[in-house]
Amino acid sequence: MNWLDLAACRFEDPELFFPLTEDGASLPQIERARQICHRCPVIRECRTAAVRHGESDGVWGGLTARQRKALFARPADRRTRGSGDTG
Ligand code: SF4
């Protein structure tokens, strides 16, 4: 069985998980998606797959792209960010 077969989002509107932005008017949408993720039995598998595949959009594993990037940045990326890049 594929982990996607157990995904809590499999009967949800996929667009819920792809907000236009990560702030402002999109925050309620992101929160709704994250609530689904946090009751998903395969949240870890989903998060790992998103990081492994470099998913640059959408809520995966309960995290937005920005959150994934911050949490799973390679050490070299963190050094770059800490040297003046306010990105
Ligand atoms: S963690 Fe969220 S996006 Fe990933 S499979 Fe589960 S419900 Fe879907």
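The values are calculated or read from the model by the stated rules, or taken from the named source; none is laboratory data. In this text, all values refer to a predicted model and were calculated from it rather than measured experimentally. A quick note on method: Cβ atoms are made from the backbone with ideal geometry, for glycine too, and the neighbour counts reach across all protein chains shown. Ligands, DNA and RNA are stripped out before the accessible areas are found, and what is left, the full protein with its side chains, is counted by its heavy atoms. Shrake-Rupley method; radii C 1.70, N 1.55, O 1.52, S 1.80 Å.
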Looking across the range 30-69 at residues that are under 8 Å from the mean Cα position of the chain (by Cα) and in a helix (DSSP H, G or I), the single one that is surrounded by the fewest Cβ atoms within 10 Å (Cβ to Cβ) is ARG66
query = Residue check: is ASP5 modelled with pLDDT of 95 or more and farther than 19 Å from PHE72 by Cβ?
reply = yes
Scanning the range 6-23 for residues that are under 12 Å from TRP60 (Cβ atoms) and part of a loop (DSSP other than H, G, I, E, B), the one least open to solvent (accessible area, probe 1.4 Å) turns out to be ALA7
Of the conditions (1) in a helix (DSSP H, G or I); (2) over 13 Å from the mean Cα position of the chain (by Cα); (3) more than 12 Å from the ligand (Cβ to nearest atom); (4) surrounded by fewer than 14 Cβ atoms within 10 Å (Cβ to Cβ), the single one that SER26 does not satisfy is (4)
